[in-house]
Amino acid sequence: MKSYKIRKLKSSIIDKDFSFLFSYEDAFKTALMKPAKLFFLDKIPLFLYDEKKSFFRKKGGIYMDYEEILKTISRWMEAYTPICKKDDSPLFQLEPPATEEEISAVEKQINRRLPDSLRTFFLCHARYLKLTAYFSDDFSEKLPPAIHSLFSAFLELSLDDLPSLNESCQESIRVCLAEPEHPSAAQLQNVLPLTWVPCGDLLVFDYSQDAFDPPVLYLDFYAAEYHLCVLGHSFGDFLKRYTAVGLCGTEDSQMAPFLPNKTDGIQPDCLNAKLFRSFFFSE
């Protein structure tokens, strides 16, 4: 699996065509995990107030309110700061949104249109997002057996890396899973990777289920228990569910406590999710 280099943010680079959608908000900036390592923009994307929704519909995107999701991510990263490994504070990185032309160029390279809710995220919020938090051994030992597999939070979303990630994904499918007799061979002919998993697997979109905003599935190259398990019914749905359980993963072993079956996605209101949140927040 290819390793992807962590980027440092460029400062205050906002595309002029979209500058009216951005505003500097001290309150929001402060909320975003001040104690942790944070490379932040001079301007922070606001998430499309009502009067701006119609603009994005005209641009071919779909409106989805990511503001609360990103605020919840920041609260998790702040909450993780005291329980992370020494000298390894949580990291949360964002880069400015992409332009329509940049997204179209990537779509030409991968030979398909991006899922609507992911396209909106890249166009309106960030072209790149990465977060990491590795829990200390002392904290991990306190977790009860039902959630003892949780050891980190992780997510990387990159518009620019999608073409190379897609090439790697298709090659790995060809080598590992594409035999005609393999039960998932036909389904895997119509997938696009969303992001890589540290253990070597991938999260992918399954276009065979929805051509416009497909579900997010777990792709296990050993076709183990959680192979092609649904994590969310679209990118936006996945991100909302994944954030609600602390962004633990993205390995299947870490998401397993929140996956009662293979079709309904991550369950943010299950007992294990509530148990994990109880270590940080009162509900």
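Any read-out appearing in this document is the output of simple, stated calculations on the displayed coordinates, not a laboratory observation. All figures in this text were calculated on a predicted structure; none of them were measured in a lab. As a convention, Cβ positions derive from the backbone with ideal geometry for all residues, glycine included, and neighbour counts pool all protein chains shown.
Amide H contacts for residue 234 (H built 1.01 Å from N in the peptide plane; partners 5 or more residues away or on another chain; cut-off under 5 Å): 216. When each of the peptides 200-207, 236-243 is scored by how many other beta carbons lie within 10 Å of its residues on average, the order from highest to lowest is 236-243, 200-207. Computed from Cα atoms alone, the Kirkwood hydrodynamic radius reported for region 88-182 is 16.2 Å. Tally Lys and Arg at +1 and Asp and Glu at -1 over the other residues with C-beta under 11 Å from the C-beta of residue 222: what net charge comes out? With Lys, Arg at +1 and Asp, Glu at -1, the net is -4. Spin-label pair residue 146-residue 224: with each label point 7 Å from Cα along the Cα-Cβ axis, the two points sit 2.3 nm from one another. Given R0 = 35 Å, the distance between the Cβ atoms of residue 139 and residue 67 translates into a calculated FRET efficiency of 0.75.
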